[in-house]
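Asker: Here it is: the structure, laid out below.
The values are calculated or read from the model by the stated rules, or taken from the named source; none is laboratory data. Please read these numbers as outputs of a predicted model, since none were measured by experiment. So basically every Cβ, Gly included, is an ideal-geometry build from the backbone, and we count neighbours across all protein chains shown.
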């Protein structure tokens with residue numbers, strides 16, 4: 001009996017409706033607290049382009065979660081502090097699309 005047979009035997013033992021999957025659908029992060037649109041603009045830091053997202057209203061945990069999601073979507077580094085998200089590189093269009101998909105209103109600057 002190899003590992004596949006053992007795994008299939010375990011699946012049979014699970015009750016109906018409790019099959020776990022790793023594909024969790026993306027949830028909408030936009031909250032009702034965010035009344036003003038988020039500002040997306042291009043900024044230069046030490047001569048290098050960076051995308052700056054400002055005017056975020058929410059807790060620090062929500063800001064960190066949104067920053068993490070944007071960094072993963074853009075495959076880039078970045079940071080967050082004081083209601084601002086900084087993504088390293090020019091990702092204005094990609095961040096705008098992602099934020100709109102999440103339910104945020106955005107205001108484009110320097111597009």
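Asker: Scan segment 73-95 for residues that are in a helix (DSSP H, G or I) and more than 17 Å from residue 34 (Cβ to Cβ) and jot them down. Walk me through how you get there before you give the answer.
Answerer: Start the filter on segment 73-95 by keeping residues that are in a helix (DSSP H, G or I), which leaves 73-74, 92-95.
Selection gives 73, 74, 92, 93, 94.
Asker: Something else about it: Looking at segment 11-58, which of the residues that are out of contact with any strand residue (DSSP E or B) (no Cβ under 8 Å at 6 or more places or on another chain) and surrounded by 15 or more Cβ atoms within 10 Å (Cβ to Cβ) is modelled with the highest pLDDT?
Answerer: Restricting to residues being out of contact with any strand residue (DSSP E or B) (no Cβ under 8 Å at 6 or more places or on another chain) and surrounded by 15 or more Cβ atoms within 10 Å (Cβ to Cβ), the top hit is 58.
Asker: Within segment 90-111, work out how many residues are at positive phi and out of contact with any strand residue (DSSP E or B) (no Cβ under 6 Å at 6 or more places or on another chain). Talk me through it step by step, then tell me what you get.
Answerer: Here is the first cut: in segment 90-111, the residues at positive phi are 103, 110.
Applying the additional criterion that residues be out of contact with any strand residue (DSSP E or B) (no Cβ under 6 Å at 6 or more places or on another chain) yields 103.
The total comes to 1.
Asker: State which residue is surrounded by the most Cβ atoms within 10 Å (Cβ to Cβ) when the search covers only segment 80-95 and only residues that are farther than 11 Å from residue 51 by Cα and more than 13 Å from the chain's Cα centre (by Cα).
Answerer: Once the filter is applied, the top-ranked residue is 83.
Asker: Evaluate the following for residue 68: is it at pLDDT 95 or above and farther than 20 Å from residue 47 by Cβ? Give the steps one after another, and end with the answer.
Answerer: Details: at pLDDT 95 or above: yes; farther than 20 Å from residue 47 by Cβ: yes.
Against the criterion (at pLDDT 95 or above and farther than 20 Å from residue 47 by Cβ), residue 68 qualifies.
Asker: Exactly one condition in (1) surrounded by fewer than 16 Cβ atoms within 10 Å (Cβ to Cβ); (2) modelled with pLDDT under 95; (3) in a helix (DSSP H, G or I) is false for residue 98; which is it?
Answerer: (1)
Asker: A further question follows. Suppose the filter is modelled with pLDDT of 80 or more, closer than 23 Å to residue 103 by Cβ, surrounded by fewer than 10 Cβ atoms within 10 Å (Cβ to Cβ) and under 18 Å from the mean Cα position of the chain (by Cα); does residue 61 pass it?
Answerer: yes
Asker: Return the residues of segment 44-72 that are assigned to a strand (DSSP E or B) and farther than 16 Å from residue 107 by Cβ; say none if nothing qualifies.
Answerer: Selection gives 44, 45, 48, 49, 50.
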